[in-house]
Amino acid sequence: YTAEQMVTAFDGTCHVRTVCLRPPGIWGPSCHAGPMLMALEGGLMLGGVFLKTRIKTDWCHVQNLVNAHVLAAERVLEQNGRSKVAGSVYNITDGVETNTLDFFGDLAVSMGQLRCQVFMIPSWFWCIFATFGEPICYHLSKFLGLERPLMPLVTMSMGLKGKYHFTLNIGKAREELDYVPLDVQVLKDETAAYLKQNWAPRHLVHHVPLFFWVAAIVFMALVTFLTFADPTFWGQGPWRLTKKHIFDHIPGLGLLSLARYQDFILWHCVYMPMLSVHLMFAVLACYLAKQAGSNLWGLWGVRTLLLGFFQLRYLLQSWAHMVLVVSMTVVVVGNCITRALYPDIYLV
């Protein structure tokens, strides 16, 4: 605001005419649009946009801002520099009021990401998040001695924008500059296409369909419960049910006791191979993502640890990778089962 006052006050000094343009958050097809990319990266770390809010705000596409600069320069020089535009201030936006999460939800869908906005975020949450996030990042950066300090996901200025409605009236710019914003949907499609090609490979983790998330988590939770829970406490029902309908049909396994079934089948032949394969896939995902230049290789590893091949498959770019994954899986599973069947051969 002080800089704006200084610029308008300088108008007419030394035959210089000035005009101020006041845009909100600037976005567009660029890998250097800080606020836009920070919001996209933060929202898509989980593979999609799941939050929603009612707070309205404005954005300004870079092309609209450029057009406004050209119009302002033309108008300020009219009438030998005595135009009423000189020394004025104009709000420049896309002319569409929206909330930030809906705005980036549209970009996420255009980039092939998931949009399922089911969690309402209260307006005060952003300020509280920023209040703790900024000092934590500052002190952690100082403690670690980082040359480039850690940036919080939400700063205090961003938190205030998320707490209050923040929209600008562009009526004055429409009337005095003949400013007409471009169609926002066309601009979104162009920006999404650019980011998908130039920015997403380094900053995006491919989303996995919700069905596979549910299937993987339910299966791992069920196997973990059956492996470590006490059958006598839970009435032996789940163990008898799974043994009867799955393993009793395999020759030689129907006569196993529940204790032997839990130790031999569930622990050695199911849980240990599953855990080993997921750990192996997570390490491989970190390596492949880093080789591909992804800045989120650690997130690739964490999500692959949970989802296994459902997440890893997006990094497999050749048949050689596929053969490597299959071979490693066979070796790990075979090794676990062999240890269970023939423990003596591993004793030194």
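Residues are listed down the side, and each one gets a yes or a no for (1) modelled with pLDDT of 85 or more; (2) buried (at least 16 other Cβ atoms within 10 Å of the Cβ); (3) touching a Leu at 6+ places or on another chain (Cβ under 6 Å):
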| site | (1), (2), (3) |
| --- | --- |
| TYR1 | no, no, no |
| GLY12 | no, no, no |
| HIS15 | no, no, no |
| PRO23 | yes, yes, yes |
| GLY28 | yes, yes, no |
| CYS31 | no, no, no |
| GLY34 | no, no, no |
| ALA39 | no, yes, no |
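Here's a check for you: in the range 117-131, which residue that is in a helix (DSSP H, G or I) and surrounded by 12 or more Cβ atoms within 10 Å (Cβ to Cβ) is modelled with the lowest pLDDT?
Here the answer is SER123.
Only one of these conditions is not met by LEU226: (1) in contact with a Pro (Cβ under 8 Å, 6 or more places away or on another chain); (2) in a loop (DSSP other than H, G, I, E, B); (3) not aromatic (Phe, Trp, Tyr). Which number is it?
The one condition LEU226 does not meet is (2).
Please find, among ARG260, ARG174, the residue that is out of contact with any Cys (no Cβ under 6 Å at 6 or more places or on another chain) and surrounded by 14 or more Cβ atoms within 10 Å (Cβ to Cβ).
When all the criteria are applied, what remains is ARG174.
What about GLY308, is it small (Gly, Ala, Ser), open to solvent by less than 20 Å² (accessible area, probe 1.4 Å) and farther than 20 Å from VAL331 by Cα?
no
I'd like the residue in the range 77-96 that is modelled with pLDDT of 85 or more and on the phi < 0 side of the Ramachandran plot and, out of all such residues, is most open to solvent (accessible area, probe 1.4 Å).
Ranking the qualifying residues of the range 77-96, first place goes to VAL96.
If you check ARG303 against the conditions, is it buried (at least 19 other Cβ atoms within 10 Å of the Cβ) and of a type outside the set (Ser, Thr, Tyr)?
Judged against the criteria, ARG303 is a match.
Hey, can you tell me all the residues within the range 194-241 that are open to solvent by less than 80 Å² (accessible area, probe 1.4 Å), among the aromatic types (Phe, Trp, Tyr) and without any contact (Cβ under 8 Å) to a residue 40 or more places away in the chain?
Of everything in the range 194-241, those that are open to solvent by less than 80 Å² (accessible area, probe 1.4 Å), among the aromatic types (Phe, Trp, Tyr) and without any contact (Cβ under 8 Å) to a residue 40 or more places away in the chain turn out to be PHE225, TRP239.
Only residues in the range 163-183 that are more than 19 Å from HIS69 (Cβ to Cβ) count as the first member; pair them with residues that are of a type in the set (D, E, K, R) and surrounded by 14 or more Cβ atoms within 10 Å (Cβ to Cβ), Cβ under 8 angstrom, at least 6 apart or cross-chain, and list the lot.
As it stands, the answer is HIS165/LYS56; PHE166/LYS56; PHE166/ASP58; THR167/LYS56; THR167/ASP58; THR167/GLU97, since those pairs meet every condition given.
The values are calculated or read from the model by the stated rules, or taken from the named source; none is laboratory data. From a predicted model like this one, the values you see are computed outputs, not experimental measurements. Here Cβ is always computed from backbone atoms with ideal geometry, including for glycine, and neighbour counts include all displayed protein chains. Please note that ligands, DNA and RNA were not included when accessible areas were found on the heavy atoms of the full protein model with its side chains. Shrake-Rupley method; radii C 1.70, N 1.55, O 1.52, S 1.80 Å.
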